[in-house]
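Here is the structure we will look at.
The values are calculated or read from the model by the stated rules, or taken from the named source; none is laboratory data. This is a predicted model, so every value here is computed, not measured. Don't worry about glycine lacking a Cβ; one is built from the backbone with ideal geometry, like all the others, and counts go over all protein chains shown. Side chains are part of the model used for accessible areas, which takes the heavy atoms of the whole protein and leaves out ligands, DNA and RNA. Shrake-Rupley method; radii C 1.70, N 1.55, O 1.52, S 1.80 Å.
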Amino acid sequence: MADTVRIEDAHARYKGLFSDLKKTSRDAQQTLHPQIYTDPDFLNVELQEVFQKEWLCVGRVDEVPNKGNYTTTKLLGEPLIVVRSDEDTIKVLSNICRHRCMQVASGSGKTRGFSCPYHAWRYDLEGQLINAPLMTAENFSLDEHRLKEIKSEIWQGFIYVNLDGNAEPLSPRLTELDKILTNYHTDEMIHHFVEEDIWDANWKALVENFMEGYHLSFVHPGTLRPITPTKQAKKLPDGPGFTAYAADYEDGYAARRYDHKDLTEEERNRSTLFCVFPSQVVSQSPHLLVYMAIQPLTVNQLKIRWSISVRDSEMIETEFDKLLTLWKQVNQEDKVKLEILQQNLTSMHADTGPLAQEDLEGTIKDFHRYLAKRLNA
């Protein structure tokens, strides 16, 4: 009972910090109160009101390309299996045995089914229990003990899950983003690399950082400034489930060599960055698709699963290592800044501040208004 009251109080306080956002013009919109990034009770509100109820990215479809291919992950503490159960179907199953709660799969690979390493209960690719050795209990039925299936959806080659199973379909919220991505053929990009990392920062700070062009020239002077300097940032249309901006290239950037026949001249000369709310951030360029699936571990720590897909498989042999090195350096530069920022947010002098114009930080304004809507603020 005490925990319930505590969460209700935190929700009221958190909601109060957003209460004036909808009344404020975008030009006058401020950064969020520092407490929103540092209060553990506020994170509990976000877990209940946002992460448990929203669509969260867990990977790409070509990570499980053929029947029997699977991968495992943990999302907000929930062990999951992503499996291609037949040639046309990808399922997300709970990785918890229905007997004594042992995980039935680990790592990734190809299999005919999943066998619990504790008591050898075996499940098929659909999650149906097909064998429970020596189980003679009265009224025991294999049919009644299948692995729980998690609500999932595929959009543009990404796999999403909804943990509480009650979310409305994701795709209708992203129709305007589909229009932005149409010529890139995002769903045809070739998955090649994935890695997980832990940063000592609040999850919202990373979403904000990835989704604004204001910092590009200053945090990344040797990596991104020569490619996509701050002066080239431009806000793109947004929608109920996303925000986006374009980072135009400086003359001569090599991405032009990976032209796709359907791309417009404008699309050939930029990276299109977008956030699928709440916590997936993506950079789509003519030659690369880079995304981060962000989840909070604590109010001061997050986990990212970040991945790179390529347009042309020939790139894997000729240029991928160079591109991977660049992205790892960019991530490290951001990580250093955000971990310092997280420490500073607890300062007695930390306060709200003005957000820059639409082309530089309009995406952050969209993100904050999305959070306010989720909180009914």
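Brief remarks on what is shown
- Placing a pseudo-label 7 Å from each Cα along the Cα-to-Cβ vector at Lys231 and Gln329 gives an inter-label distance of 2.2 nm.
- Both the radius of gyration and Dmax for segment 46-96 are 12.1, 36 Å, in that order, over alpha-carbon atoms.
- Phi to ³J(HN,Hα) by Karplus 6.51 cos²θ - 1.76 cosθ + 1.60 over segment 274-280, Hz, x for Gly, Pro: 8, 10, 8, 4, x, 9, 10
- Close amide H contacts of His145 (hydrogens built in the peptide plane, cut-off under 5 Å, sequence separation of 5 or more or a different chain): Leu129.
- Counted residue by residue at 0.36 nm each, then reduced by the alpha carbon distance between them, the extension gain from Glu168 to Thr346 reaches 60.4 nm.
- Gaussian network model of the chain, springs between alpha carbon atoms under 10 Å - residue of Asn209, Asn344, Asn300 with greatest fluctuation: Asn344
- Contact order normalised by residue count of segment 234-325, Cα under 8 Å, 6+ apart, percent: 19
- Coordinate range of the alpha-carbon atoms in the chain per principal axis, descending: 70, 58, 35 Å.
- Extension gain (nm, one decimal) between Ser106 and Met135, 0.36 nm per residue minus Cα-Cα: 8.0 nm
- For the chain, modelled as a GNM whose springs connect Cα atoms under 10 angstrom apart, the maximal fluctuation among Ala137, Ala12, Ala205 occurs at Ala137.
- Computed E for Glu126/His99 - FRET, C-beta separation, R0 22 angstrom, nearest 0.05: 0.80
- Mean Cα-pair separation over length for the chain, i.e. relative contact order, pairs under 8 Å, 6 or more apart, %: 20
- Normalising the average separation of contacting C-alpha pairs (under 8 angstrom, six or more residues apart) by the number of residues puts the relative contact order of segment 82-219 at 15 percent.
- Cross-link partners of Lys151 among lysines (Cα-Cα below 19 Å; sequence separation of 8 or more within a chain): Lys53, Lys74, Lys91
- Under Karplus coefficients 6.51, -1.76 and 1.60, residue-wise ³J(HN,Hα) of segment 76-82 in Hz, glycine/proline x: 6, x, 8, x, 10, 10, 9
- Among Ser313, Ser271, Ser279, residue whose mean-square fluctuation peaks in a GNM of the chain (springs only between Cα atoms under 10 Å): Ser313
- Only helices enter this figure: runs of n ≥ 4 DSSP H residues, each worth -39500 (n - 2.57), summed and divided by the residues of the chain, yield -7500 deg cm²/dmol at 222 nm to the nearest 500.
- Amide H contacts of Arg60 (H built 1.01 Å from N, in plane; Pro and chain starts excluded): Ile159 sit under 5 Å, all sequence-distant by 5 or more or on other chains.
- Treating r as the C-beta distance of Asp262 and Glu176 and R0 as 30 Å, the FRET efficiency rounds to 0.95.
- ³J(HN,Hα), Karplus 6.51/-1.76/1.60, whole Hz, each residue of segment 181-195, x for Gly, Pro: 8, 3, 6, 7, 6, 4, 5, 9, 4, 9, 5, 9, 9, 8, 8
- For Trp327, solvent-accessible area (1.4 Å; no DNA, RNA or ligand), Å²: 40
- The simple Förster model, with R0 at 51 Å and r as the Cβ-Cβ distance, assigns Asp312 and Asp9 a FRET efficiency of 0.40.
- Unmatched cysteines, the chain - criterion: no other Cβ of a Cys under 4.7 angstrom: Cys57, Cys101, Cys275
- Point-charge dipole on Cβ atoms (K/R +1, D/E -1) for segment 232-343, about Cα centre, debye to 20: 420
- Using the 1.4 Å probe convention, the accessible area of the chain works out to 46 Å² per residue with neighbouring protein chains retained.
- Surface composition of the chain: carbon plus sulfur atoms contribute 49% of the solvent-accessible area (1.4 Å probe, protein chains only, all chains present).
- Close Lys-Lys pairs in segment 235-377, where close means Cα under 15 Å and separation is 8 or more or interchain: 4
- Net lengthening on full extension, Glu358/Thr24 (0.36 nm per residue, minus Cα-Cα): 118.8 nm
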